[in-house]
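Worksheet: one structure, shown below.
The values are calculated or read from the model by the stated rules, or taken from the named source; none is laboratory data. In this text, all values refer to a predicted model and were calculated from it rather than measured experimentally. Here the Cβ positions follow ideal geometry from the backbone for every residue, glycine too, while neighbour counts run over all protein chains shown. Note: areas computed on protein heavy atoms with side chains; ligands, DNA, RNA excluded. Shrake-Rupley method; radii C 1.70, N 1.55, O 1.52, S 1.80 Å.
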Amino acid sequence: QVKNKAPAEVQITAEQLLREAKERELELLPPPPQQKITDEEELNDYKLRKRKTFEDNIRKNRTVISNWIKYAQWEESLKEIQRARSIYERALDVDYRNVTLWLKYAEMEMKNRQVNHARNIWDRAITTLPRVNQFWYKYTYMEEMLGNVAGARQVFERWMEWQPEEQAWHSYINFELRYKEVDRARTIYERYILSILVIVHPDVKNWIKYARFEEKHSYFAHARKVYERAVEFFGEEHMDEHLYVAFAKFEENQKEFERVRVIYKYALDRIPKQEAQNLFKNYTIFEKKFGDRRGIEDIIVSKRRFQYEEEVKANPHNYDAWFDYLRLVESDADADTVREVYERAIANVPPIQEKRHWKRYIYLWINYALYEELEAKASKRTRQVYQACIELIPHKKFTFAKIWLLYAQFEIRQKNLPLARRALGTSIGKCPKNKLFKGYIELELQLREFDRCRKLYEKFLEFAPENCTSWIKFAELETILGDIDRARAIYELAIGQPRLDMPEVLWKSYIDFEIEQEEYEKTRNLYRRLLQRTQHVKVWISFAQFELSAGKEESLPRCRQVYEEANKAMRNCEEKEERVMLLESWRNFEQEFGTDNTKERIDKLMPEKIKKRRKLQAEDGSDAGWEEYYDYIFPEDTANQPNLKLLAMAKLWKKQQQESEAAEMDPDKDIDESQS
């Protein structure tokens, strides 16, 4: 029994025990003593002991092939070939699938120059394990080293019947080439390509090797046929850039530059761009070496096309990328390619029916139609493009006047006026807009169809009675046609509208119209009617200038009277700057046409400009400090404001005080004045 069960002071872990055991394994044991055999009996005894040891090891574990191989190699070292052969045979009975066992067995026979035995072993090995390539390689190598070329060829033929990997075929071909049998090598390539390659190794590199073999031996026509057969075999579904690069380089070596260019273009048009980087790179190098400026530009165009394709694939609704892509294609490609890209672009309809999302998209249709008309000269297709676009736009929610107008202008260029009118009439019926009315009216004006213009203006003003520009244009049309009464009636209807977008422009146009007709009395009435609606300073100034320009004897008194009325009317105006503007205009008039009395009178009416301060407040109501501003004090207003009189008296008193103080400070001046 353990009396002290307390833990030891030094603890040993399991890891330390294992490490110590491992370290002791590495300790060198003393070598066994060398035994010297002096006679045959001792030798036989030694052999018996060793054989017994080997047999015991084999008996313990028959499946450990290394024991068999060591046993056989020991017998071989004693030149006991028959015993070693017997051991190998016993081992093969245990595990005939062991590759190492067959190799050691055959190598033993070859070392001891037992050629027929070695052939027998290799035959058994390739019959038993035909898929082990090492047996075939060793067998053919042995026959070739023995100079038995026919035997080696026979072994290769047996090997090829098993349809081995491509390296086996190339070994066979290289074997024939070592003996200058080029025709035989070509026959092997043909067998490889036609019978086995299709099933086992449909790889581009094998075709390329075959073609290079033909090229190496100066059979250039055969090499070209191999490349052409490869292109035909793989077709367009399984195209590989490496095949076309090799084909192009072959043609380049033959100085067939046009063929090279055709091969590269054919491949670039059909291989996906992301898989053709190496192809494009080689094409660029070729054009830089042998091409002209046009060829290099074609390469750059191809590269940019690839970039645009990637952009539109990443985001089909990136219309700016489509515009750039189409501009590039239009400058270089044929009509069918351009149409294809346009069709792909317009297929990406905006997902939301809001006009802001359609503004860029609609220009794809416009550019498409213009291309068909101007570049392709296809009027029928142009009409189809416009009609398809018009059908696509959701006119109940929004429309694009530009499309309707461009369609109408196209039909006019095609001398098809009824279709143009029908298109614009349909647009006004479906989705009336100011721009549509203006465009239709402008068209009829150019055609000198004035009755149609009148009807269109009537429809336009029914649709938008607040549009002052339309009223003015309608009246100007009647004026040009010489119907003054209709023009005046139109102006009267216009100013009678309850809501107008630019009434000042309309009134000015009406007044200018009456002035042109020299109807001064009607112009004065118009000014009076306008002043009943607004007391704006510009209206008064314009009225005064009109009276001045009337050109009669009473023009100056009338003009002065207008200024008098304006000054009286604007006394109660809050905007003092406008009143100042009026007085300045009046003063300029008096300085040019007035007398001394009138000039003095207007000078007395001019205000005094003073600086004031006012308190500011922030948005939250807190105090934001003070600011300075300028105010105007009009002399006419001082009578009604006693505070201003008091201020003037205070200023006068202060001035007198300053003068008296100055006199007291200089008494000598007063004495000199009294003596003088």
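Couple of notes before you dig in:
- Neighbours by Cβ (under 6 Å, 6+ apart or cross-chain): first from segment 393-418, more than 17 Å from GLU354 (Cβ to Cβ); second of a type in the set (S, T, N, Q) and open to solvent by 20 Å² or more (accessible area, probe 1.4 Å): GLN414/SER379
- Filtering segment 227-276 to residues that are of a type outside the set (Asp, Glu), part of a loop (DSSP other than H, G, I, E, B) and surrounded by fewer than 17 Cβ atoms within 10 Å (Cβ to Cβ) leaves GLY235, HIS238, GLN254, LYS255, PRO272.
- Taking (1) at pLDDT below 75; (2) within 29 Å of PHE593 (Cα to Cα); (3) surrounded by fewer than 13 Cβ atoms within 10 Å (Cβ to Cβ) in turn, ARG528 satisfies each apart from (1).
- Test for TYR342: is it in contact with a helix residue (DSSP H, G or I) (Cβ under 7 Å, 6 or more places away or on another chain) and either modelled with pLDDT of 80 or more or farther than 28 Å from ILE263 by Cβ (or both): yes
- Those helices (runs of 4 or more DSSP H) of segment 475-539 in which 3 or more residues are among the small types (Gly, Ala, Ser) occupy 484-495.
- Filtered residues of segment 569-588 (kept if over 13 Å from PRO607 (Cβ atoms) and modelled with pLDDT of 75 or more): SER585, ASN588
For every residue, the table says whether it meets (1) free of Cβ contacts under 8 Å to residues at least 40 places away in the same chain; (2) open to solvent by less than 80 Å² (accessible area, probe 1.4 Å); (3) touching a His at 6+ places or on another chain (Cβ under 6 Å).
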residue	(1), (2), (3)
GLN353	no, no, no
TRP358	no, yes, no
LEU364	no, yes, no
SER379	yes, yes, no
ARG383	yes, yes, no
GLN387	yes, yes, no
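- Residue count for segment 473-497, restricted to those that are open to solvent by 20 Å² or more (accessible area, probe 1.4 Å) and of a type in the set (A, V, I, L, M): 5
- If the condition is being of a type in the set (Gly, Ala, Ser) and more than 52 Å from the chain's Cα centre (by Cα), then segment 145-177 contributes GLY147, ALA150, GLY151, ALA152.
- Scanning segment 542-561 for residues that are under 20 Å from GLU575 (Cβ atoms) and modelled with pLDDT under 75 gives PHE543, ALA544.
- Residue match in segment 655-662 (condition: under 30 Å from LEU582 (Cα atoms), open to solvent by 90 Å² or more (accessible area, probe 1.4 Å) and at pLDDT 75 or above): no
- Qualifying positions in segment 411-462 - open to solvent by 70 Å² or more (accessible area, probe 1.4 Å), in contact with a His (Cβ under 6 Å, 6 or more places away or on another chain) and outside any helix (DSSP H, G or I): none
- Helices (runs of 4 or more DSSP H) wholly inside segment 1-119 that include at least 1 residues being over 30 Å from TYR141 (Cβ atoms) and open to solvent by less than 80 Å² (accessible area, probe 1.4 Å): 14-25, 40-60
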